[in-house]
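To start, the structure itself, in structure tokens.
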Amino acid sequence: MSTHTEQVDLLYGVCAEFNAPGDLIRAAEKATEAGFVHMDCFSPFPIHGLSDAMKFRDSRVPWTIFGAGLAGGLGGLSLITYVSLIAYRHNVGGRPAFSWPSFVPVTFECTILCAGVVAVFGMIAFNGLPKPYHPAFSTPNFERASQDKFFLCLENKGDFDAAKAEALLRSLNPVNVSRVDAEEEGNWSL
């Protein structure tokens, strides 16, 4: 026999469906003002200002790209310096052994290469992709999130009150509000 506590633990969150991007932005702002920090928004296209409305402040990807670019630039400069000064030292046209202007293209290209590769794979890793299944997929009408509907899902993490979340979402005049069950342990994971 399940208790109320067990039922709350099986709850992933509460989702609301909206018809317009402006409604989704207002709902995210209201949810943030009400103290909800763990939320996710789903829309068929990027919405300018949505990350600000959600107070989304994740800077892992940009800092990872910066670190990779810096490492790539230093690695390229080190490589060309080693090759020119130690491994294959040649006096070409009477220029100095460390002729830094000629090292700029290699350094620049290594910076861009490392930053670009890490940007792609860092974004994939930090977004938790590939994700063939998400609990929000079971929300009624969710397949329209890739066509013309907008969804806000308040997640059951931290100090979460499902009744408060549902009441807040209903007060925002959504098309539909539904509770989303959490996926079972080991289901659909890679």
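The values are calculated or read from the model by the stated rules, or taken from the named source; none is laboratory data. The model shown is predicted, which means the values in this text are computed figures rather than measured ones. In this analysis, Cβ positions are derived from the backbone assuming ideal geometry, glycine residues included, and neighbour counts consider all displayed protein chains.
If you go through segment 51-108 and keep only what is outside any loop (DSSP other than H, G, I, E, B), hydrophobic (A, V, I, L, M, F, W, C) and under 29 Å from G128 (Cβ atoms), you end up with A53, V61, W63, I65, F66, A68, L70, A71.
Can we say F160 is part of a helix (DSSP H, G or I), modelled with pLDDT under 95 and either in contact with a Phe, Trp or Tyr (Cβ under 8 Å, 6 or more places away or on another chain) or surrounded by 13 or more Cβ atoms within 10 Å (Cβ to Cβ) (or both)? No, not satisfied.
To keep it simple, each residue is scored yes or no on (1) of a type outside the set (S, T, Y); (2) surrounded by 12 or more Cβ atoms within 10 Å (Cβ to Cβ); (3) out of contact with any Pro (no Cβ under 8 Å at 6 or more places or on another chain).
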| site | (1), (2), (3) |
| --- | --- |
| G13 | yes, yes, no |
| F18 | yes, yes, no |
| G49 | yes, yes, yes |
| D58 | yes, no, yes |
| A68 | yes, yes, yes |
| G75 | yes, yes, yes |
| G94 | yes, no, yes |
| F98 | yes, no, yes |
| V118 | yes, yes, yes |
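Would you confirm whether any residue within segment 26-35 is touching an Asp or Glu at 6+ places or on another chain (Cβ under 6 Å) and either crowded, with 19+ Cβ neighbours inside 10 Å or of a type in the set (A, V, I, L, M) (or both)? Scanning segment 26-35, I find no residue that is touching an Asp or Glu at 6+ places or on another chain (Cβ under 6 Å) and either crowded, with 19+ Cβ neighbours inside 10 Å or of a type in the set (A, V, I, L, M) (or both), so the answer is no.
Only one of the numbered conditions (1) surrounded by 18 or more Cβ atoms within 10 Å (Cβ to Cβ); (2) part of a helix (DSSP H, G or I); (3) within 17 Å of the chain's Cα centre (by Cα) is violated by T111, and that is (3). I'd like to know if segment 128-135 contains one or more residues that are under 23 Å from A27 (Cβ atoms) and either at pLDDT 95 or above or not in a loop (DSSP other than H, G, I, E, B) (or both). Yes, because at least one residue in segment 128-135 is under 23 Å from A27 (Cβ atoms) and either at pLDDT 95 or above or not in a loop (DSSP other than H, G, I, E, B) (or both).
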